């Protein structure tokens, strides 16, 4: 097979008789499908009993794929338990937040600490690897599917205690200090006294209301590691039979329950499933794409799933309009995707995903609008070939994304439960992207030496040497921007015994003694920005910084809402309130302008730009028009559109069709 962006998606042959599978393969060829994700939910078919395996369907699909020039991303099938396993080993069924042991049903229904689940899932993965490691159709291993969910059973409770011993040592002194258990008479004297934080123990009014943030944070981390342990157990047995084929699992973008940064080192490549609400701004999926790219230090990722038409999981499931699928796919490529795959290739006949969009509908037709769009896109990707493969984004702007801060912010009592981490992070990302800056989304531990601008909104927890590394960015001439509710706690969410914003105070040149929180309908004017602020209003005292904008009303009128502090050869900005999007845009553009990072089409908010550098040094500029009207631009350099072959000279008019895309290779 020639090198190109992988194109295909999830296929469930176990749901269909042979004559339909035969027709499916004919339609795959017509649509340009070259990659099949197979076996995702086939455990009960592949292993109908504990001592019985049946690979008939998988054999036929992989053999057919190889014969017709397709390749297979082979799943281990361990995301949904077979009924026999749950009946024989009832302890594999999860216990929920309210303490109820579940019975068999649905998917993602297993306890990650269950020895029976670990033993049987790895046994299945080992049998698959032994059988298919050398198969010519095998392209990648797909372990489990969309890991998620939390268990609170006794097995998990004991596993949590073991995890805590590994983290804090043999005595309880460090744990008691980290969790601040002198509060409310919680000091532990024996490991057996520790219970998972749930509705029966530390929580009330749901998972986000906890009496002890430190306990809940550690249980979130434990859950991430427990599920990661399941992944690693399957990966280990696969590697025993197949040391070379890449291994992945499909993530879900900005998915709060799991810290994907803890998983990233163990993946051969990142992959994820993109299902943004269709009324979300295009920067929402773009942020998730960049987060996924950042998991592997900027290496390309796979778009493992997207719908060709509609979802089925929401109360209302809008249809993608003509052209939107193509635009979404090229947006993924612009942000680093080397594969564009769908869920699903053929629509299921029954159960909860029968109305989920599919390349092939229930009637099996090839003359539907969706099939025609998929086939046309397949032809475009085939013609594009390897022109974008392996490319990287030369970003000079970084955005810090931190699951610990996300968790801590949203389980905190005060100042406001209305502040949502994703929303604030997205506001600053959106401002940078719409101003034309390429952005790397990176963890707190990332190397920041290559960035001129570091955006760190709602950096609630400051861990390790991060404050010093942010100071180093500013000292060498860069700009650091952070916001309200930053620098509030350490890794255990214990308050710093210093002025707010804690370790960030020397960098920002401010001190915060008080903060006001108001309901969402209340707004506070910030006149210098022509902006309105909401939710949280920190009252700033200057300690070397200068005011950029101030509050317009209340007893703190005239005090700083936005500050700038000179630090070394650079500066640090602090935004003390939740500005509306125009206010965030103005602040971020001022920061970017200092480093000449405003893009050439920053005055066209509906046009997204993304720069990629291929392995041979070729520079590609993606222009994506997210509006239903043509975008009339001027070419800023001589370039050739890789999709049409059209050459444009510098200064020529450059028109993007409605929902159109061009990929410009500079001369």
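Determine if the stretch 360-367 includes at least one residue that is in contact with a helix residue (DSSP H, G or I) (Cβ under 9 Å, 6 or more places away or on another chain) and surrounded by 21 or more Cβ atoms within 10 Å (Cβ to Cβ). Can you show your working first?
Going residue by residue through the stretch 360-367, those that are in contact with a helix residue (DSSP H, G or I) (Cβ under 9 Å, 6 or more places away or on another chain) are 360-361, 364-366.
Imposing the further condition that a residue be surrounded by 21 or more Cβ atoms within 10 Å (Cβ to Cβ) reduces the set to 360.
Scanning the stretch 360-367 turns up at least one residue that is in contact with a helix residue (DSSP H, G or I) (Cβ under 9 Å, 6 or more places away or on another chain) and surrounded by 21 or more Cβ atoms within 10 Å (Cβ to Cβ).
For the stretch 410-431, give me each residue that is within 18 Å of the chain's Cα centre (by Cα) and either surrounded by 20 or more Cβ atoms within 10 Å (Cβ to Cβ) or modelled with pLDDT under 95 (or both).
Of the stretch 410-431, the ones within 18 Å of the chain's Cα centre (by Cα) are 410, 420-430.
Residues satisfying the conditions are 421, 424, 425, 426, 427, 428, 429, 430.
So which residues in the stretch 89-110 are within 30 Å of the chain's Cα centre (by Cα) and in a helix (DSSP H, G or I)? The one that is within 30 Å of the chain's Cα centre (by Cα) and in a helix (DSSP H, G or I): 92. A residue that is under 14 Å from residue 129 (Cβ atoms) and touching a residue at least 12 places away in the same chain (Cβ under 8 Å) occurs somewhere in the stretch 60-67.
In the set 8, 77, 39, only one residue is closer than 30 Å to residue 614 by Cβ, under 30 Å from the mean Cα position of the chain (by Cα) and either crowded, with 23+ Cβ neighbours inside 10 Å or modelled with pLDDT under 95 (or both); that residue is 8.
Among the residues of the stretch 412-437, those that are over 13 Å from residue 488 (Cβ atoms), in contact (Cβ under 8 Å) with a residue 40 or more places away in the chain and part of a loop (DSSP other than H, G, I, E, B) comprise 417, 418, 435, 436, 437.
So in the stretch 432-472, with the set limited to residues that are buried (at least 21 other Cβ atoms within 10 Å of the Cβ) and on the phi > 0 side of the Ramachandran plot, which one is nearest to the chain's Cα centre (by Cα)? By that ranking, first place goes to 458.
Yes/no matrix, rows are residues, columns are (1) crowded, with 16+ Cβ neighbours inside 10 Å; (2) within 19 Å of the chain's Cα centre (by Cα); (3) farther than 14 Å from residue 265 by Cα; (4) outside the structural domain of residue 613 (by TED's automatic domain parsing):
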site	(1), (2), (3), (4)
279	no, yes, yes, yes
290	yes, yes, yes, yes
297	no, yes, no, yes
303	yes, yes, yes, yes
312	no, no, yes, yes
317	yes, no, yes, yes
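The strands (runs of 3 or more DSSP E) found entirely in the stretch 473-548 that carry 2 or more residues being buried (at least 16 other Cβ atoms within 10 Å of the Cβ) and over 30 Å from the mean Cα position of the chain (by Cα) are 510-517, 524-526, 531-542. Within the stretch 633-641, can one find any residue that is over 20 Å from residue 336 (Cα atoms) and touching a helix residue (DSSP H, G or I) at 6+ places or on another chain (Cβ under 8 Å)? No, the stretch 633-641 contains no residue that is over 20 Å from residue 336 (Cα atoms) and touching a helix residue (DSSP H, G or I) at 6+ places or on another chain (Cβ under 8 Å). Restricted to helices (runs of 4 or more DSSP H) entirely inside the stretch 1-83, those with at least 2 residues that are closer than 20 Å to residue 308 by Cα are 18-31. On inspection, residue 86 passes the criterion of being assigned to a helix (DSSP H, G or I), crowded, with 20+ Cβ neighbours inside 10 Å and without any contact (Cβ under 8 Å) to a residue 60 or more places away in the chain. For the stretch 203-228, the set of residues classified as assigned to a loop (DSSP other than H, G, I, E, B) and within 27 Å of residue 261 (Cα to Cα) consists of 206, 207, 208, 209, 211, 212, listed by residue number.
The values are calculated or read from the model by the stated rules, or taken from the named source; none is laboratory data. Since this is a predicted model, take the numbers as computed values, not measurements. Positions of Cβ are backbone-derived with ideal geometry, glycine not excepted, and every protein chain shown enters the neighbour counts.
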